[in-house]
Amino acid sequence: MHKTFYIKALTGLLFFLFFTGLQTQAQKKNRKTKDTIQTVSADYFTDNYLRAEDYIYKPNIRTVLFYREGFVLTSPIINLNAGEKLVLKFDDLDGDLKKMRYTFMHCDADWTVSDLKPNEYLNGFYEDDITDVKYSFNTLQKYTHYSLTIPGENMQPVLSGNYILKVYMEDEPDNVILTRRFMIVDPKVTINAIVNKPTIVEYRNYKQEIDFSIDKTGYTVNNPYQDLKVIVQQNGRWDNAIRSLKPLYIKGDILDYNYEEENVFSGGNVFRYFDIKAMNFYTEYIAKIIKDSIGYEVYLDPEQRKTFKVFISQKDIKGRKFIKSDDNANDSDIESEYVYVHFFLKYEMPLQNGSVYILGGLTDWNYTKEAKMSYNYDWKGYEARLYLKQGYYNYQYVFLENGKQVGDETLIEGSHYETDNEYTIYVYHREQGENYDVLIGLKQFNTFSK
């Protein structure tokens, strides 16, 4: 037993020394863009660049899910020292057994790696194994399913803030498999928020104004204008998040953020959706299902722009994905098939100076190569094909202008004040003299929350 502990302790020490060196290199690179988070270096587009975001580094890794335990349609957010857990799940289409490990990296409010060493934000070891592994059963596409629940017994974060969960091959920290963002909040302030029609008249029918205040009663913030960072996020997107808002005015312990333009989002539209939980019958928006010895091909109905269409309210899951098989499956994690899903968007002429992407949980909210649509001149429209696990999916078509990092969903989807969006407000604090940000407040709410 003592020998085992000694080996683990030695392994932890070696990893700590390596991690510290890796972290220092990452900090040097990240500090260059600390105040310009939208600027992307050339290294970003290389496969081996470690991204502090939700990213899959291997083409064989699919269907990454990350949520609060017991609530599969939630964001990966937990409270500090509250006994709450996060669940990570993903598939390896190679279908073999790989030894994988994971670690946590503490990040600042802008998702650059913080200046902290692992022993300053972690209790226990600095890495651990992923041991919950299952093989697919009775599926055409063979895969290995990995699951992880964090924090575990061997490694617990002790600070609030932004974190990156990094999964990599055992003994190869540079051989990264995936990274995922998660947040740990230590609530010290109260956030009161509401979505209003914009104050600016020309925005009133198609944008949403996020008015909120922060009550810091009982908590000391010496200089709210300098020490606090506030970020507002719409649905699961980070590209269009509003960052680093300053209080409009301060009255006692109340910080007011009731701006007229700085806190405004496009309302967008309800998410498009399709249901491929069952392969033996057609659900809404499914035009054709083809099966052969290799697998399934699912063709969605041809779609159109919603830009000038009347708004129709309907329930959605705010762009997320829900994995499930209704084809006599007892365990959807390992009995769900993988399916090629074909998308087609009618468009008379290709758009200039940019590209159309499929965006949502099905693409990890990223503008990926697979999600980029190509124009078919014969059929006059944009097409793409994604390899997806059985389930229920939300998505939108988003236009990304060349050289830009923020996509425009309104060009194809339209924009309406009446759209029910999910908003998250994050409040970070960097105490004077400290070199890292902690997350002291978080509020998640929908457009028409009561």
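The values are calculated or read from the model by the stated rules, or taken from the named source; none is laboratory data. Being a predicted model, the structure only gives us computed values, none of them experimental. FYI the Cβ positions are ideal-geometry reconstructions off the backbone, even for glycines, and counts take in every protein chain you see. These area figures cover heavy atoms from the full protein model, side chains too; ligands, DNA and RNA do not enter into them. Shrake-Rupley method; radii C 1.70, N 1.55, O 1.52, S 1.80 Å.
For this structure, a couple of remarks:
- Condition broken by Ala109, with the remaining ones in (1) part of a loop (DSSP other than H, G, I, E, B); (2) under 23 Å from Ile56 (Cα atoms); (3) open to solvent by 10 Å² or more (accessible area, probe 1.4 Å) satisfied: (3)
- Given (1) modelled with pLDDT of 95 or more; (2) open to solvent by 30 Å² or more (accessible area, probe 1.4 Å); (3) aliphatic (A, V, I, L, M), number of the condition Ile294 does not satisfy: (1)
- Set Asn328, Asn366: member being within 22 Å of Ile294 (Cα to Cα) and open to solvent by 30 Å² or more (accessible area, probe 1.4 Å): Asn328
- Of the residues making up the range 81-97, those that are under 19 Å from Ile164 (Cβ atoms) and open to solvent by 30 Å² or more (accessible area, probe 1.4 Å) are Glu84, Lys85, Lys89.
- In the range 370-404, the qualifying residues are those that are part of a loop (DSSP other than H, G, I, E, B), surrounded by fewer than 16 Cβ atoms within 10 Å (Cβ to Cβ) and in contact (Cβ under 8 Å) with a residue 40 or more places away in the chain, and the one that is farthest from the chain's Cα centre (by Cα) is Asn402.
- Here Ile78 meets each of (1) surrounded by fewer than 19 Cβ atoms within 10 Å (Cβ to Cβ); (2) under 18 Å from Leu439 (Cβ atoms); (3) among the β-branched types (Val, Ile, Thr) with one exception, condition (1).
- The range 129-173 - residue that is assigned to a strand (DSSP E or B) and basic (Lys, Arg) and, of those, nearest to Tyr426 (Cα to Cα): Lys166
- Residue check for Asn175: free of Cβ contacts under 8 Å to residues at least 60 places away in the same chain and under 30 Å from Asp94 (Cα atoms): yes
- Residues of the range 331-362 that turn out to be surrounded by fewer than 17 Cβ atoms within 10 Å (Cβ to Cβ), in contact with a strand residue (DSSP E or B) (Cβ under 9 Å, 6 or more places away or on another chain), part of a loop (DSSP other than H, G, I, E, B) and not hydrophobic (A, V, I, L, M, F, W, C), as a count: 4
- Residue tally, condition outside any strand (DSSP E or B), more than 25 Å from Phe343 (Cβ to Cβ) and not hydroxyl-bearing (Ser, Thr, Tyr), over the range 245-286: 11
- Some residue of the range 220-235 being at pLDDT 95 or above, part of a loop (DSSP other than H, G, I, E, B) and surrounded by 15 or more Cβ atoms within 10 Å (Cβ to Cβ): yes
Here is a yes/no grid of residues against (1) within 19 Å of the chain's Cα centre (by Cα); (2) within 20 Å of Asn154 (Cα to Cα):
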position: Lys58; (1), (2): yes, no
position: Glu69; (1), (2): yes, yes
position: Leu73; (1), (2): yes, no
position: Val87; (1), (2): yes, yes
position: Asp91; (1), (2): yes, no
position: Lys98; (1), (2): no, no
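- All positions within the range 406-446 that are under 20 Å from Ile242 (Cα atoms), part of a loop (DSSP other than H, G, I, E, B) and either among the acidic types (Asp, Glu) or at pLDDT below 95 (or both): Glu409, Asp420, Asp437
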